[in-house]
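The values are calculated or read from the model by the stated rules, or taken from the named source; none is laboratory data. Note that the structure is a prediction, hence the values are computed from the model and not measured. Cβ coordinates were reconstructed from backbone atoms using ideal geometry, including for glycine residues, and neighbour counts include every protein chain displayed. Heads up: the accessible areas ignore ligands, DNA and RNA and are worked out on the full protein's heavy atoms, side chains in. Shrake-Rupley method; radii C 1.70, N 1.55, O 1.52, S 1.80 Å.
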Amino acid sequence: MKKLVSVLGATGSVGASTLQIVRENPDKFQIIGITAHSNVALLAKLAIEFMPKFVVLSDLNLVSDIETRLAHLEIEILIGEEGLDFLASQKTDILVAAISGFAGFKPIFKAISVGTDIAIANKEALVAGGHLLMPLAKEKDVNILPIDSEHNAIYQCMMGHHWDDVEHITLTASGGPFLAMTREEMHDISPVKALKHPTWDMGAKISIDSATMMNKGLESIEAAWLFGIGREKVSAVIHPQSIIHGFVTFKDDTIISHMAPADMKVPISHALGWPERLKIQTEKLDLTQISSLEFMEINHEQFPCYNLAHQLIGEEPCYAAALNAANEIAVSLYLENKLAFGDIYSLCTKTVNMIEIRSLDDYQSVIDYDSFARGIARSIALLL
Ligand code: NAD
Ligand code: MG
């Protein structure tokens, strides 16, 4: 039987890798729904190729364009946030959460609510609302399968092992494009340079997060929610070769690590195929061609965003939600050349220090708090 799959963020980098795996395994999957924010041309192309039941376009201004492109096809076109919610509320076997940013929180919440397993790439949803998503998944008996490569690595390292035996988990970081630079040298660096990641080919937001190393801080929070561990049990190290994606240290000092090519198809295929493995095409790792594997501590003076996020693990969830919101605002301002690279950290730390603490006990409170924190971040940005 084919697995029924919906792909949120189908036109992005993770979406593209997901659909490539589906192409390579046509007997295993049937695409039920695909979504995009505004890339109508690609969304229409994918719809014609995969013939899903539903297509969702978030940008309301482009509705007539997608309708024209898909006229006469038996595909239901849904629009805006409501459309996204509707698709997420259709029970499927697995929903690939590959929207970038907090925009993914609502549909993930909806999909878990109806009992759909989630292959999750969208770390921002876990950072802002992991305290609600993970208990809900438990209540609904939903599997949350990590796609983020480091988390998928840890998940794979833990297969057949017990969390009681774990002393520590380590996520690896390539170091991003500015590993050899000082903080002063990075301060005014252009988005063009920051978008050039040395080992991974990714969307704009996560590429900037990798350059500031906020990504590893967000990933530490993500790991804490996914695996139910405290702050002291998770950290990150720089590993420029991006061959080992994560490792687990057990109480007997055994270390189990996960190696794979730096290709998102590996973790995505693991989550899609789980509990089986799929045959996929990647550039295979030839370990005889690798002369060394290096591991270095993160320099906190050079990359302060990592610690800013990491220290929020275990704190009131509103702090991480505020940080996530501020970072999204900061990254988009930076990409529009309205904020210096070095001020991404300033904007985030000021927002976290200024926000009022609220308990985010339900779905709506997380959404409201995200808007509230964005407002604070925008007003701080005016003063920088
Ligand atoms: P991307 O920018 O390439 O694609 C984002 C997708 O989300 C697009 O399809 C876009 O149309 C959609 N989208 C964006 N904003 C939206 C909104 N407001 N409403 C609805 N749809 C929206 O991003 P990506 O690199 O594929 O990353 C997606 C997620 O996966 C992010 O959370 C990222 O952190 C995570 N992730 C990505 C990688 C990677 O290699 N790219 C690795 C690990 C984790
Ligand atoms: Mg990652």
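Things worth noting here:
- Rounded to the nearest 0.05, the FRET efficiency derived from the C-beta distance between THR68 and ASP201 at R0 = 35 Å is 0.65.
- Calculated [222 nm] ellipticity per residue, helices only, for the chain: -14000 deg cm²/dmol; basis is -39500 (n - 2.57) per DSSP H run with n ≥ 4, divided by all residues, nearest 500.
- Cα→Cβ-extended label distance, 7 Å offset, between MET259 and LEU287, nm: 0.4
- Solvent exposure of region 1-61, expressed per residue, is 42 Å² of accessible area, with all protein chains present and a 1.4 angstrom probe.
- Relative contact order [Cα under 8 Å, 6+ residues apart], the chain, whole percent: 15
- Geometric descriptor of region 3-146, per residue, is 91 Å³ (volume of the convex hull of the Cα atoms).
- Whole-percent carbon and sulfur share, accessible surface of region 1-72, 1.4 Å: 55
- Among the listed pairs LYS216/LYS279; LYS2/LYS110; LYS3/LYS53; LYS2/LYS91; LYS140/LYS279, a Cα-Cα separation exceeding 19 Å is found for LYS216/LYS279; LYS2/LYS110; LYS140/LYS279.
- Temperature 25 °C, viscosity 0.890 mPa s: under these conditions the Stokes-Einstein estimate for the chain, based on its Kirkwood radius over C-alpha pairs, is 116 µm² per second.
- Carbon plus sulfur fraction of accessible area for region 269-384, probe 1.4 Å, in percent: 49
- Region 69-103-region 344-365 distance, computed between alpha-carbon centres (Å): 29
- Cα-projected label distance for ARG23 with GLU139, points at 7 Å along beta-carbon direction, nm: 4.1
- Nearest-0.05 FRET efficiency for ARG378 and VAL192, computed from C-beta distance (R0 22 Å): 0.35
- Solvent-accessible heavy-atom area per residue, rounded to whole Å², over region 130-283 at 1.4 Å: 42
- Our estimate of slack between LYS2 and GLU315, defined as 0.36 nm per intervening residue step minus the Cα-Cα distance, is 108.5 nm.
- Fraction of antiparallel bridges per DSSP, the chain only, in percent to nearest 5: 30
- LEU293 - accessible surface, heavy atoms, 1.4 Å probe, Å² rounded to 10: 70
- Loop trypsin sites (Lys or Arg not before Pro), region 211-303 (other Cβ atoms within 10 Å of the site Cβ: 13 or fewer; DSSP): LYS251, ARG277, LYS279, LYS284
- Counting only protein chain heavy atoms and rolling a 1.4 Å probe, the accessible areas of ARG183, ARG69 rank, largest first, as ARG69, ARG183.
- Taken along the Cα-to-beta-carbon direction at a fixed 7 Å, the label points for ASP252 and ASP93 span 3.7 nm.
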